[in-house]
1. Across segment 300-323, what is the total count of residues that are of a type in the set (Val, Ile, Thr) and within 21 Å of Leu395 (Cα to Cα)?
2. Yes or no: Gly400 modelled with pLDDT under 85, part of a helix (DSSP H, G or I), more than 18 Å from Arg47 (Cβ to Cβ) and not aliphatic (A, V, I, L, M)?
3. Mind checking whether some residue in segment 240-252 is small (Gly, Ala, Ser), within 26 Å of Phe390 (Cβ to Cβ) and modelled with pLDDT under 95?
4. Within segment 246-260, how many residues are hydrophobic (A, V, I, L, M, F, W, C) and not in a helix (DSSP H, G or I)?
5. Restricting to segment 291-310, count the residues that are surrounded by fewer than 23 Cβ atoms within 10 Å (Cβ to Cβ) and under 13 Å from Val342 (Cβ atoms).
6. Is there a residue being without any contact (Cβ under 8 Å) to a residue 60 or more places away in the chain and in a helix (DSSP H, G or I) anywhere in segment 361-372?
7. Does Phe375 meet the test of being part of a helix (DSSP H, G or I), touching a helix residue (DSSP H, G or I) at 6+ places or on another chain (Cβ under 8 Å), within 14 Å of Phe307 (Cβ to Cβ) and at pLDDT below 90?
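The values are calculated or read from the model by the stated rules, or taken from the named source; none is laboratory data. If you're wondering where the values come from, they're calculated on a predicted model, not measured in any experiment. FYI the Cβ positions are ideal-geometry reconstructions off the backbone, even for glycines, and counts take in every protein chain you see.
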Amino acid sequence: MVGYVCYYFLRKNFSAAIPAMEATLGLSKLQLGAFLTLNGIVYGLSRMVNGLLADRYSKKLIMSAGLILSCIINLLICFSPKLTSTLGLVFLIGSLWVVNGYVHGMGYPPCASIMAHWFRPSELATKQSIWNASHSIGAGIVIALCGWMLSRWGYSAWNLCFIVPAVISFFGALLVYFGLKDDPSEYGLPPVEPNAASSPKSQDNLSRKEHHRFISKMVFRNPIIWGISISNFCVYVIRFTILEWGTSFLTQCKGMEIALAASIVAASELIGGVLGTIASGWITDRFLQSRTLRTSALFTIGATLCFAAFCLIPSQVHWIWSALLIVSSAFFIYGPQALLGVSCSQYATKRAAASANGLCGIFGYAATAISGIGFGYLAGRPEFGWDAVFLVSVLFGLAGSVVLLTCWRLPSDGYVKAEKVLMEIK
């Protein structure tokens, strides 16, 4: 959790700094949106690559290395204003943020694989949801911190949004490397087995060829994983609309001050996101027999309705109503954001958890093509504006809800299927 909180310190600081960079550096919404889109697409591809690596090699090494590299990149961004050319400035910041997207792909897959090795499928939703709160904790703290620094020292201090998180995260990287364990065997403990009813009989190590065949059948040729990935795309459109553009549309559309807007987005993460993440996992294991896709469907519907209500209220209404609806939207959207990753681990099994989450991540962060450059274009055009952004977000929420509802009758995990696959490839 500490390690992934630090990853978010070095990712969502950019979103918090967008209004200041737009005003101070003269960057347009379209350019800033392009940075977010390219970063997200590269991040998604990196999750796929590092997912394949994390299923075979040291997870803590991959995770700590990515965090150190991101610290370096964030510090380099601080020197970008030395360039006097606007075009050079755009190229430098954009290039660094794209590279940052790749190294951030070294964070999630190791975590997903480690969680699948330490917890049974029947308890994974609850346990991984607790870990998944690190997304909201990291984003909420860094957005609040950056909002406070920009309010205290002005927009010209935007580089502090990169320096301070980088210094903090360096110590987080050391903690990851020296404190993390890939699986129970590193403590001399036996492996955690799945439930008796869904336990694969073949537990011996696979050869490289057998491992590739297993990954192919359980991930790339598994229609459940593809369905999860498509729904993840839709979920992430709403999530990124709030997280990436929240401070911008609350200041520009709802007329709030930057400190208040940043505080609301931070609250949506620290209150809505954390509570929604933990509640969704507990509800899944306690009431829905660990069927994560059912909870994801219900929460996606809730997120779509709350965000639609936020879009419809006029800006003259007291800001507390906008805040409540944004926090409620985050509460519901972080349910599927956490549980779809758990679903990948359950249906692909612990042998292929990182690879399945990598594929799902590609779809999730491909959503930045919509939420990044797409919404940057719409928001910057007077004939469209933020209303068009809100409408598109709601439509994607409805689409994601429909996809998840079609998965209602699926079993709770893929371990029975994995047993058959293991018998076929051996």
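1. Count: 4.
2. no
3. Checking segment 240-252: at least one residue is small (Gly, Ala, Ser), within 26 Å of Phe390 (Cβ to Cβ) and modelled with pLDDT under 95.
4. Residues that pass the stated criteria total 2.
5. Adding up the residues that qualify gives 1.
6. No, segment 361-372 contains no residue that is without any contact (Cβ under 8 Å) to a residue 60 or more places away in the chain and in a helix (DSSP H, G or I).
7. yes
Table: residues versus (1) hydroxyl-bearing (Ser, Thr, Tyr); (2) surrounded by 20 or more Cβ atoms within 10 Å (Cβ to Cβ); (3) out of contact with any Ser or Thr (no Cβ under 9 Å at 6 or more places or on another chain).
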| site | (1), (2), (3) |
| --- | --- |
| Asn13 | no, yes, yes |
| Ala16 | no, yes, no |
| Glu22 | no, no, no |
| Ser28 | yes, no, yes |
| Phe35 | no, yes, yes |
| Asn39 | no, yes, no |
| Gly44 | no, yes, no |
| Val49 | no, no, yes |
